[in-house]
Amino acid sequence: MALLTSLYLCSRTVYAAVGTPTGSGARVVAAAQTELPEGCLINGVITNEADLTAALKGNSKVQGDWGEMLLETILDSSALIKGIHYETQYNIKDAEGHNLRPDVVLHLPEKKDIVIDSKVSLTAFVGYSSADTGEERRRYLAAHIASVRQHVTELGRKEYQRRLNSPDFVIMFIPNEPAFLAALQNDTAIWSDAYDKKVIISSPTNLFALLKLVADLWKYNDQDKNTRDIAACGLKLYEQLVAFTGSLEGVGTALDKARDAYDDAYKRLCTGNDNIIRVGERLRRTARLQTKKQHSARTLEAAGEDDLPGIPATEAGGGNPVPGAGGEE
C-alpha cells in the first residue's frame, strides 16, 4: 500500500508538472497495480545478477556504483531512450560554481526535467538484515531510517529543481525494495517529510512504474504533436486550395476577357461588316494590285468577300498594275 500511495502522489506531481489533469493519476495507479508483479520480477532478476549481498556489504563507493548500475538497468528496460528521454552523469553548476552530478536527469514533455539520485547508503540496512538479536535489529533499523532521512535532507539542500526547468521535486532512488519498505513501514512520516523537502523516495518497482508513466506521457505528447502537425498541414492545404481556386478563377476571367478580345479582333478582321479582309480584297481588285500572296478561299468566304460591282471576278487580277504596287505582301 505504501508503494502504491507513493506512486499515486508522484504521478499527480508529474502530471501537474506537464499540465495533465491530475485525475489521470488514479488510472496510472490502477495500471501500475497490474504491472507491479512484472516490475518486482525484473527487480528480482536484477538482484540475482548483481549479487546483491556482496554489493551491499561493500563500502559506500561500491554501494553507489551498484545503485547507479541498477538504476541504469531499470532505465534500459523501460521504453525511454538514452540521450533523448534521459541523460546520465549530467553536470549542473551550483550558485558557487561547484559541479553537481546527479545520476540521471529524466526529461519530460514541455521541456521539464526530473533529477534522479541513487547515492543512498544501505550499510545500516545490511546490518539490520543480518542482525541476530532483536536489539541489534532495532538499532540497525533506527540507523537505516536515520541514514535515509539524512540523505533526504542532503538531497533537498542541493535544490536541483531550482537549477533546472524542473517540477518542484527530485527523486531519491533506494536501489533495494526491502530497504525502501523497511524505512517506510517503520517510519510512517518519512515519505511525507521527504515530500515536504521536495524529495520523492522511490524503490526499484516504484521507479519502474514511474518510468512507464513518463513513457506514456511522451507517447501522448508525440501523438498530440502529430495531431497538431496534421491540423497545421490541413490548414495550410486548405489555405492553398482557397488561394489556388482564386488564382484559377482569375485565370478563367482573364481567358474570358482574352476570348472576348479575340472575338472582337476576329470580327474586325474577318466576319464583321466592312471587315479588314473584305475591304482589303476590294482595294486589291479596284487597284488591280499584282501580288503572289492571296487569302485562302476559306478565309475569303468567311469574310463574305464577293465580286465588286462592275468588276468581273475574272478581271479582278487583270489590267494594268498600279505603279509601285507590285511584289509580295
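The values are calculated or read from the model by the stated rules, or taken from the named source; none is laboratory data. This one's a predicted model, so the numbers in the text were calculated from it and none came from an experiment. So basically every Cβ, Gly included, is an ideal-geometry build from the backbone, and we count neighbours across all protein chains shown.
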Checklist entry - Which number in (1) closer than 30 Å to S296 by Cα; (2) part of a helix (DSSP H, G or I) marks the one condition that N273 misses? => result (2)
Checklist entry - Is there a residue being modelled with pLDDT of 60 or more and outside any helix (DSSP H, G or I) anywhere in segment 69-77? => result no
Next on the checklist: Anything in segment 218-272 that is closer than 30 Å to S78 by Cα and in contact with a helix residue (DSSP H, G or I) (Cβ under 7 Å, 6 or more places away or on another chain)? List them, or say none.
Outcome noted: W218, N221
Checklist entry - What about I114, is it modelled with pLDDT of 90 or more and crowded, with 19+ Cβ neighbours inside 10 Å? => result no
Next on the checklist: Looking at (1) outside any strand (DSSP E or B); (2) over 29 Å from the mean Cα position of the chain (by Cα); (3) touching a residue at least 12 places away in the same chain (Cβ under 8 Å); (4) closer than 30 Å to D216 by Cβ, which one does I201 not meet, given that it meets all the others?
Outcome noted: (1)
Checklist entry - Do we find that A209 is in contact with a Leu (Cβ under 7 Å, 6 or more places away or on another chain) and assigned to a helix (DSSP H, G or I) in this structure? => result yes
Item to check | From A194, A182, A209, A258, residue being loosely packed, with under 14 Cβ neighbours inside 10 Å and hydrophobic (A, V, I, L, M, F, W, C) | outcome: A258
Item to check | Residue list for segment 61-96, restricted to those being hydrophobic (A, V, I, L, M, F, W, C) and closer than 20 Å to R163 by Cβ | outcome: I92, A95
Checklist entry - Being modelled with pLDDT of 85 or more, surrounded by fewer than 11 Cβ atoms within 10 Å (Cβ to Cβ) and out of contact with any Ser or Thr (no Cβ under 6 Å at 6 or more places or on another chain), is that true of even one residue in segment 300-310? => result no
Next on the checklist: Return the pair list, or none, for Cβ contacts closer than 6 Å from residues in segment 90-105 that are within 20 Å of E72 (Cβ to Cβ) to residues that are part of a loop (DSSP other than H, G, I, E, B) and small (G, A, S), at least 6 apart or on different chains.
Outcome noted: D103/S118
Next on the checklist: Looking at G156 and the list (1) part of a helix (DSSP H, G or I); (2) buried (at least 22 other Cβ atoms within 10 Å of the Cβ); (3) touching a residue at least 40 places away in the same chain (Cβ under 8 Å), which single condition is not satisfied?
Outcome noted: (2)
Checklist entry - If you check R149, R101, which single one turns out to be over 30 Å from K219 (Cβ atoms) and among the basic types (K, R)? => result R149
Checklist entry - All but one of (1) assigned to a helix (DSSP H, G or I); (2) modelled with pLDDT of 90 or more; (3) under 23 Å from N221 (Cβ atoms); (4) of a type outside the set (D, E) hold for I171; which doesn't? => result (1)
Item to check | Filtered residues of segment 137-161 (kept if closer than 13 Å to P102 by Cβ and of a type in the set (K, R)) | outcome: K158
Checklist entry - Just checking, which of A254, A243, A232, A258 is under 30 Å from S166 (Cβ atoms) and at pLDDT 90 or above? => result A232
Checklist entry - Mind checking which residues of segment 115-142 are without any contact (Cβ under 8 Å) to a residue 40 or more places away in the chain and within 47 Å of the chain's Cα centre (by Cα)? => result A124
Item to check | Condition met for V279 (more than 40 Å from the chain's Cα centre (by Cα), more than 30 Å from Y86 (Cα to Cα) and of a type outside the set (D, E)) | outcome: yes
Checklist entry - Looking only at residues in segment 81-110 that are out of contact with any Phe, Trp or Tyr (no Cβ under 9 Å at 6 or more places or on another chain) and part of a strand (DSSP E or B), which one is modelled with the lowest pLDDT? => result K93
Checklist entry - Residue check: is I201 at pLDDT 90 or above, of a type in the set (V, I, T) and within 21 Å of W66 (Cβ to Cβ)? => result yes
Checklist entry - In this structure, does D113 turn out to be of a type in the set (D, E, K, R) and assigned to a strand (DSSP E or B)? => result yes
Checklist entry - What is the number of the single condition among (1) touching an Asp or Glu at 6+ places or on another chain (Cβ under 6 Å); (2) closer than 17 Å to W191 by Cβ; (3) not aromatic (F, W, Y) that A146 does not meet? => result (1)
Checklist entry - Quick one: would you say T299 is among the β-branched types (V, I, T), in contact (Cβ under 8 Å) with a residue 12 or more places away in the chain and part of a helix (DSSP H, G or I)? => result yes
